[in-house]
């Protein structure tokens, strides 16, 4: 019952990525805007490596598809990592509680 | 709001990372006692939702945009402990996979987006007891979490010597007071939708 609802919300996340994210505003966000106005934006350093910088998949020229693809991957990685972390936490505690569970 | 590398100096990065690591460590320790099996899929889905929502920048004024951070939403839906983990996942993935936010600055970004606003929302939510004005309260919680993040970032920038506090604080707070309205409204709408959709019993009951 609740699983169906969770899947629905996950589905909404995917829809957000497909239909909203590619058309999001490309203006600088609050911090970037302030950094530009106060001219310390130049201090920003690029990262040592790049996988999907700026939410674009390298090698795909269409920016809409690129954004969607990177977003879908991000959503899946996020749910995977988050769930994985939680399962690890649960696993660590299970050993202590076995004698309590009836 | 994601701080790239180069804005903060080493000592600030280390200090904020210490705060973040110890907070997350504490959270994991507490979660070991309180986490139930049925909570796990919920946390994953909300994390994914927040990741998706953070991709949608909305225009604010001319030439600026804002986006949902989702700390308030996560805290209201999951309770503070699980929310910290959910947001940590999102912010970490954004930094490592999408280069959104620096690696050295990850400690600061986690502190600013995954920890402090969660704690702030949690305690303010407990203090401000109202049923009638609940929607306004949620908008306020979203707003104040964003403004508090802006203040934190400003302090970190100033401590790093990147800019002097007065100007950067004024600019950051100004923009984020506006962006905060967006966060508050989106949080309120999303929270009510998800809560009604999931059923009131199925959400976190302040298990800390």
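Summary of computed values
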read-out	value
Cα gyration tensor shape for the protein assembly as shown, rounded if a/c is under 1.5, else prolate or oblate	rounded
Chain B: most fluctuating residue of B:41, B:80, B:117 per GNM, C-alpha cutoff 10 Å	B:41
Prolate/oblate/rounded call for the range B:59-140, Cα gyration tensor, a/c under 1.5 rounded	oblate
Cα-based helix-to-principal-axis angle, B:80-98 vs chain B, degrees rounded to 10	50 degrees
Nearest-ten-degree value, helix A:63-97 long axis tilted from longest Cα axis of chain A	30 degrees
Length-normalised contact order for the range B:79-189 - Cα pairs under 8 Å, 6+ apart - percent	25 percent
Shape of the range B:1-70, Cα gyration tensor, a/c cut at 1.5	oblate
Calculated FRET efficiency for the pair residue A:61/residue B:195, C-beta based, R₀ 51 Å, to 0.05	0.75
Centroid-to-centroid separation of the range B:5-37 and the range A:20-78 [C-alpha atoms, Å]	25 Å
Order of B:185, B:28 - criterion: other Cβ atoms within 10 Å of each residue's Cβ, fewest first	B:185, B:28
Distance between the range B:49-76 and the range B:109-139 - C-alpha centres, whole angstrom	16 Å
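Read-outs throughout are calculated quantities, based only on the coordinates presented, and are distinct from any laboratory measurement. Since this is a predicted model, take the numbers as computed values, not measurements. In this analysis, Cβ positions are derived from the backbone assuming ideal geometry, glycine residues included, and neighbour counts consider all displayed protein chains.
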